[in-house]
1. Provide the net charge surrounding Q107, with neighbours chosen by a C-beta distance below 15 Å and charges set as Lys +1, Arg +1, Asp -1, Glu -1.
2. Set the Förster radius R0 to 30 Å, insert the Cβ-Cβ distance between S261 and D69 as r into 1/(1 + (r/R0)^6), and round the FRET efficiency to 0.05.
3. Can you flag which of K65/K120; K13/K242; K65/K168; K224/K276 are past 23 Å Cα-Cα?
4. Would you mind calculating the gained length between A320 and V94 on full extension (0.36 nm times residue separation, minus the Cα-Cα distance), in nm to one decimal?
5. If R0 is 35 Å, what FRET efficiency do you get for Q273 and D156 from their C-beta distance, rounded to 0.05?
6. Please compute the net charge surrounding C162, taking Lys and Arg as +1 and Asp and Glu as -1 over other residues with Cβ under 12 Å from its Cβ.
7. Suppose every Lys and Arg Cβ carries +1 and every Asp and Glu Cβ carries -1, with no other charges. What dipole size does region 2-268 come out with about its Cα centre, to the nearest 20 debye?
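Read the figures in this text as sums done on the coordinates, not as results from a lab. From a predicted model like this one, the values you see are computed outputs, not experimental measurements. Cβ placement follows ideal geometry from the backbone for every residue including glycine, while neighbour counts extend to all protein chains displayed.
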Amino acid sequence: MKVLHIADIHFCKDRADEALASLRCAEEFAVTYGIDMIAIAGDLFDAAVLNSENARLAEFVGAIKRLGDSAPVAMVYGTPSHDVDGSLEIFQTVTCRYGITVLEPGQAYLLLDDGFTTIKNSESKAIVFGIPEPRKKYLLANSSAGKDETEETIRDAMRRMCYLLAAKRREYPDIPCVALYHGEVAGTQLQNDQTVERGTGISITIDDLAGIGADYFALGHIHKPQRVGSLNAYYAGSVYPKNFGETHKAGFYIADVEAGSCMEQRHDFPHPQNMKIETTLDEFLKKPPYSRTEADGLDFDGGNDVRGKKVWLEISCDKARRSFANAEAELQKLLWPRRGRRLPRHNPRHPRGNRPRRRDNRGEYPCQKVRGVGGKLRHRGRRKRRQENRGP
Ligand SMILES: [Mn+2]
């Protein structure tokens, strides 16, 4: 069974083109290669979206609908500030070929050929669980815990839910099991290379996840694509780089899941990677972090290969020395390395770069009519001399 796994779409009107391009790419893949299920592991929105034409919400819903036309779609809620309460309900109202299902925590879903069901079925291809980012709303519905006890209570509630899901998984031992989860996993490397400590915040531990016994964990929340420990648990990463702190290649996973095994493949979305190069003015003047080569145009030293990437070059210096740096000239060198230091001139085919002056049919330079004081037409240029040169 093949699962297409994406996460962190972060749809917003300013970056709508990038999010929609990624979804189109995922859809094309699903249609071409016959995917059994599409898993969206939370953070579909970047923030609450006003349903107006300007917000392009209809385009986004249309893109998700087309995913639902190519395979059954399962999704979970992400971080409450991104996927605000109720924001995913709009997808369940959409009619499409296979249906779009927002997975409720603690519920088991069975995957059939034409969508998901919660009713026991012997034809089911897989069992699917969804764990949204831990929210007080569903974890602490009947608890009156104080603020200090809240985190511990939520951790307990998460653990109980994992036990519950493990029991449900054991009811169907012969079919593959996929779990969607949005949130941190203790022991995960973050984008800034820090590690989520075990038991902090309301993150789940690797042991909790492993206990569920799923064959593939489709994770969302951390925008740097990565595997978690030795589990078949993967963060797909964001579908487009949100800022220059995100330097990964945006993409998605295709997981070939069987009961007891899983093979995963990574595929790219059509977005340039981001790269940030920081240097000081002293270092920059001594040796710029790039050099010119004939073949490639640009070839950055020290592994800074910028071809096909969006580059943020930051040169810092004190205020007094700012005049040493000609930012505009350096930018021109970066953008047009083979042309030298300047923008292409007016007519690059001409050796001087300027357009040659036109002559009139008598081989003389034309004069120019200008309006003088009082709006009277006067002539400037060679007219006078021509008159002088005229014969008797
Ligand atoms: Mn996110």
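1. On the way: positive: K120, R160, K168, R169; negative: E104, E171.
So the environment of Q107 carries a net charge of +2.
2. That gives a FRET efficiency of 0.55.
3. Working: K65/K120 26 Å; K13/K242 13 Å; K65/K168 30 Å; K224/K276 16 Å.
Violating the 23 Å Cα-Cα cut-off are K65/K120; K65/K168.
4. 75.3 nm
5. On the way: r = 41 Å, r/R0 = 1.17.
My answer for the efficiency is 0.30.
6. Details: positive: R155, R159, R160, K168, R169; negative: D156, D207, D208.
Overall, the nearby charge balance is +2.
7. Values: 26 positive and 38 negative charges, 40 e Å.
Roughly 200 debye, rounded to the nearest 20.
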